[in-house]
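What follows is a set of notes on a single structure, which appears directly below.
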Amino acid sequence: MTDCLFCKMVNGEIKPDVVYEDDTVLAFRDVNPQAPTHVLVIPKQHVSTINDLDEDSAHLPGRMMLAAKQVAHEAGIAERGYRTVMNCNPEAGQSVYHIHLHVLGGRPMHWPPG
Ligand code: DGP
């Protein structure tokens, strides 16, 4: 999608701080980190929200989780613990309409989330 920020990262128009990439997903550091490790994992295929997932894109969340696991291992937080979050639509705080998995760690996380 031409006017999507994260699609511009996938096609190289904007160059984020990439920490992991494979044929299906890209992972890069969040510009506004909320924890010592804060990485966003996105699918290379454009899907606007979780509500837009369908049979054709149903494999993407699994691949995003596998990438999150890899990112956490490489950041050294896999055993301590980390949090994965996907926000959907305004009330959850979604601000970029290309699905993304937040991988947060390196500090204690609180529950319930705000
Ligand atoms: P969300 O609020 O769940 O839609 O998360 C969007 C995240 O995207 C937010 O934590 C900040 C991050 N973000 C927004 N613009 C940029 C950018 O240009 N570069 C990077 N690396 N992250 C961005």
Strands (runs of 3 or more DSSP E) enclosed by region 26-114 - at least 3 residues per element that are at pLDDT 95 or above and either over 23 Å from residue 11 (Cα atoms) or among the aromatic types (Phe, Trp, Tyr) (or both): 82-85
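Mind listing whichever residues of region 16-25 are part of a loop (DSSP other than H, G, I, E, B) and surrounded by fewer than 13 Cβ atoms within 10 Å (Cβ to Cβ)? Lay out the reasoning, then the answer.
Going through region 16-25, the residues part of a loop (DSSP other than H, G, I, E, B) turn out to be 16-17, 22-24.
Hits for region 16-25 are 17, 22, 23.
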Residue check for residue 49: touching a strand residue (DSSP E or B) at 6+ places or on another chain (Cβ under 6 Å), within 14 Å of the ligand (Cβ to nearest atom), of a type in the set (Ser, Thr, Tyr) and closer than 30 Å to residue 108 by Cβ: no
Looking only at region 26-50, and only at residues there that are free of Cβ contacts under 8 Å to residues at least 40 places away in the same chain and over 23 Å from residue 80 (Cβ atoms), the one that is surrounded by the fewest Cβ atoms within 10 Å (Cβ to Cβ): 31
Answer from 67, 58 - the residue that is away from the ligand (no atom under 11 Å from the Cβ), more than 19 Å from residue 107 (Cα to Cα) and surrounded by fewer than 16 Cβ atoms within 10 Å (Cβ to Cβ): 58
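From the set of residues in region 77-102 that are over 18 Å from residue 61 (Cβ atoms) and open to solvent by 50 Å² or more (accessible area, probe 1.4 Å), which is nearest to the ligand (Cβ to nearest atom)? Explain how you work it out, then say what you get.
Residues of region 77-102 over 18 Å from residue 61 (Cβ atoms): 77-81, 90-91, 93, 95.
Checking which are open to solvent by 50 Å² or more (accessible area, probe 1.4 Å) leaves us with 79-80, 90-91, 95.
Values: 79: 25, 80: 21, 90: 10, 91: 12, 95: 4 Å.
The extreme case among them is 95.
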Of residues in region 1-15 being part of a loop (DSSP other than H, G, I, E, B) and touching a residue at least 40 places away in the same chain (Cβ under 8 Å), the one most open to solvent (accessible area, probe 1.4 Å): 1
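The values are calculated or read from the model by the stated rules, or taken from the named source; none is laboratory data. Quick caveat: nothing in here was measured; it's all calculated off a predicted structure. So basically every Cβ, Gly included, is an ideal-geometry build from the backbone, and we count neighbours across all protein chains shown. When the accessible area is computed, the model is the full protein with side chains, heavy atoms only, and any ligands, DNA or RNA have been set aside. Shrake-Rupley method; radii C 1.70, N 1.55, O 1.52, S 1.80 Å.
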